[in-house]
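The values are calculated or read from the model by the stated rules, or taken from the named source; none is laboratory data. This is a predicted model, so every value here is computed, not measured.
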Amino acid sequence: MEKSVTKKSLILFLLALILAGCVHRTMTIRSEPPGALIYLNNEEKGITPDTIPFTWYGDYEIVLRKEGYQVFRVIQPIKPPWYEVFPLDIFSELLLPVRLEDQHFLHYELKEAEPVDKDALLRRADELRQEFVVPEEE
């Protein structure tokens, strides 16, 4: 009986250690001007400035959209800190009994959209339409 209690205690202790360790990853995206819609890997995530949690390291496609500004698109690499590189990540993720914070701060400048010359745009559309007209079959 005493052995089973000790064994259960050891298992509970190990589980507590495993569940205690973790890394909380976030990326804070800011833009100038603020208020741009954020798309992260084709998913709408919020409006700048915003802090977004993430799970995996690697390349993320970030798209920012704001009326009156050009659409901003970038492939942003998010690199792991030293404690998240194999085999150290086993300890930081599972065995370290503290919560680690991995924060990435990203800042992007949006460019104002250039005014569109509607007449030139319509002329170009007509040219393209005439160039690609499919003849009707009889």
Exercise for the section: Test G46 against the stated conditions and say whether it is part of a strand (DSSP E or B) and at positive phi. Expected result: yes
Handout entry: Positions within region 80-102 being modelled with pLDDT of 70 or more and hydroxyl-bearing (S, T, Y), in sequence order
Key = Y83
Practice task
Check region 118-130 and report whether any residue there is among the small types (G, A, S) and either at pLDDT 95 or above or in a strand (DSSP E or B) (or both).
Solution key: no
